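Undergrad: Below you will find the structure I want to go over with you.
The values are calculated or read from the model by the stated rules, or taken from the named source; none is laboratory data. Treat the numbers as computed from the prediction; the structure is a model and nothing was measured. No Cβ is skipped: glycine too gets one built from the backbone with ideal geometry, and neighbour counts run over all protein chains shown.
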Amino acid sequence: MTTQQRRINTGFGARSTTSDVLRGVDLSGKLAIVTGGYSGLGLETTRALAGAGAHVIVPARRRTTAQEAVSGIDGVEVAELDLTDPESVRSFAELFLASGRDIGMVINNAGIMASPERRVGPGWEAQFATNHLGHYALVNRLWPAIVRGGARVVSVSSNGHQLSDIHWDDVHFEHGYDKWQAYGQAKTANALFALRLDALGRDAGVRAFSLHPGTIRTQLARHMSEEELAELSTAIGDSPTNSGWKTPEQGAATQVWAATSPQLDGMGGVYCEDCDIAEPAAKDTVLGSGVSAWAADPERAARLWELSAELTGVDAVSSAG
């Protein structure tokens, strides 16, 4: 399989921070949308982009909580959005488009991990819905503003994608739920979404990227017990290519870099890690470095796009092409 997954030797690495990757970058006049931009890596991303001059919109299901979290950051506004509710996504997008503003960056950061089995929206599995389908619908509904702004769309995946390909015959785990397989599928979906979006959007000036932020202790692990966290720490330590634990500032660096760096001008569709493009993962890699073949496959990406369009009833990107 032909792939663009090759490091470009950016000069950054696993310990680089948001301040490092934004040094000398002026985002004045740019508008960014950061889902989940009020906690964990999302909050660090919001703070970094606003500090570089961007105006940041933080869509949030818990609006009051989000407003409190970003209250000390200039240039940030909070809007209501529940990614698991198709009507909420539609309403947010319609209100935004009515404002007439252009979008320079979309960072699909919101997500859940290893959650108990739960159905949302029209009966979708919650991790697939939150991490992938909601963001798919959001980008499609915001497409006119994304094109006008020549935006970069960044999807926060994870090396958790190495746990699972897409379960094509049962994407909603209706015949037996495994929270880690569901998480792995959702993170693979994030990478495939970026791959296909880039292929569809590049002629319109829109480029897309996915990434592994690293391993960071945030509220993302809220569904895990202490025993499960200990097991995860052991798995990370046992992986020969895992770069280990990061601070939130280091964890947010790759998504900020992917959204803003001139080093990526003219590129797109790739999975990144440690503020660089990732290499293909070695066979049977689990929670380590690199991108698995199933998450970098254009045919799978096209198939997932068609499935997502069918499930959500939205496909403005393909229609525009």
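Undergrad: Determine if segment 158-171 includes at least one residue that is closer than 26 Å to Ala79 by Cβ and not small (Gly, Ala, Ser).
TA: no
Undergrad: Sort out which residues of segment 85-108 are crowded, with 21+ Cβ neighbours inside 10 Å and of a type outside the set (A, V, I, L, M, F, W, C), and write them in order of number.
TA: Pro86, Gly104, Asn108
Undergrad: Within segment 36-50, can you find the residues that are under 15 Å from the mean Cα position of the chain (by Cα) and assigned to a helix (DSSP H, G or I)?
TA: The answer is Gly40, Leu41, Gly42, Leu43, Glu44, Thr45, Thr46.
Undergrad: Which residue is surrounded by the fewest Cβ atoms within 10 Å (Cβ to Cβ), if the candidates are limited to segment 270-306 and must be among the aliphatic types (A, V, I, L, M), farther than 22 Å from Ile146 by Cα and out of contact with any helix residue (DSSP H, G or I) (no Cβ under 7 Å at 6 or more places or on another chain)?
TA: My answer is Ala282.
Undergrad: In segment 265-289, how many are without any contact (Cβ under 8 Å) to a residue 60 or more places away in the chain and not charged (D, E, K, R)?
TA: Within segment 265-289, residues that are without any contact (Cβ under 8 Å) to a residue 60 or more places away in the chain and not charged (D, E, K, R) number 2.
Undergrad: Determine which member of the set Ile73, Ile112, Ile57, Ile146 is assigned to a loop (DSSP other than H, G, I, E, B), more than 26 Å from Lys179 (Cβ to Cβ) and aliphatic (A, V, I, L, M).
TA: Step by step, each of Ile73, Ile112, Ile57, Ile146 is checked, and only Ile73 is assigned to a loop (DSSP other than H, G, I, E, B), more than 26 Å from Lys179 (Cβ to Cβ) and aliphatic (A, V, I, L, M).
Undergrad: Now for a separate question. Only one of these conditions is not met by Leu133: (1) within 19 Å of Ala32 (Cα to Cα); (2) part of a helix (DSSP H, G or I). Which number is it?
TA: All conditions pass for Leu133, except number (1).
Undergrad: Residues of segment 147-179 being among the hydrophobic types (A, V, I, L, M, F, W, C) and either more than 30 Å from Ala14 (Cα to Cα) or at pLDDT below 95 (or both), which ones?
TA: Answer for segment 147-179, where residues must be among the hydrophobic types (A, V, I, L, M, F, W, C) and either more than 30 Å from Ala14 (Cα to Cα) or at pLDDT below 95 (or both): Val147, Trp168, Val171, Phe173.
Undergrad: For segment 14-33, which positions are buried (at least 17 other Cβ atoms within 10 Å of the Cβ) and among the charged types (D, E, K, R)?
TA: Asp20, Lys30
Undergrad: Taking the condition surrounded by fewer than 21 Cβ atoms within 10 Å (Cβ to Cβ) and within 19 Å of Leu307 (Cα to Cα), does Asp165 pass?
TA: In short, yes.
Undergrad: Does segment 2-13 contain any residue that is charged (D, E, K, R), at pLDDT 95 or above and in a helix (DSSP H, G or I)?
TA: no
Undergrad: Is it the case that Gln181 is more than 12 Å from the chain's Cα centre (by Cα), surrounded by fewer than 24 Cβ atoms within 10 Å (Cβ to Cβ) and free of Cβ contacts under 8 Å to residues at least 60 places away in the same chain?
TA: Criteria met by Gln181.
Undergrad: A follow-up question, please. Just one of Gly111, Gly214, Gly160, Gly121 is free of Cβ contacts under 8 Å to residues at least 40 places away in the same chain and buried (at least 18 other Cβ atoms within 10 Å of the Cβ); which is it?
TA: Gly121
Undergrad: Okay, moving on. Please work out which residue is nearest to Leu304 (Cα to Cα), limiting yourself to segment 176-196 and to residues that are among the small types (Gly, Ala, Ser) and part of a helix (DSSP H, G or I).
TA: Within segment 176-196, the match that is nearest to Leu304 (Cα to Cα) is Ala189.
Undergrad: Among (1) at pLDDT below 95; (2) closer than 22 Å to Gly40 by Cβ, there is one condition Thr254 misses while meeting the rest; what is its number?
TA: Condition not satisfied by Thr254: (1).
Undergrad: Here's another thing I want to ask about it. In this structure, does Ile57 turn out to be farther than 26 Å from Leu142 by Cβ and in contact with a helix residue (DSSP H, G or I) (Cβ under 8 Å, 6 or more places away or on another chain)?
TA: Spelling it out, it is not the case that Ile57 is farther than 26 Å from Leu142 by Cβ and in contact with a helix residue (DSSP H, G or I) (Cβ under 8 Å, 6 or more places away or on another chain).
Undergrad: I'd like to verify a number: residues in segment 61-70 that are outside any loop (DSSP other than H, G, I, E, B) and surrounded by fewer than 24 Cβ atoms within 10 Å (Cβ to Cβ), how many?
TA: The qualifying residues number 6.
Undergrad: Mind checking which pairs have a first residue in segment 291-309 that is over 15 Å from Phe128 (Cβ atoms) and a second that is modelled with pLDDT under 95 and polar (S, T, N, Q), Cβ under 8 Å, 6 or more apart or different chains?
TA: Hits for this filter: Ser292/Thr285; Ala296/Thr3.
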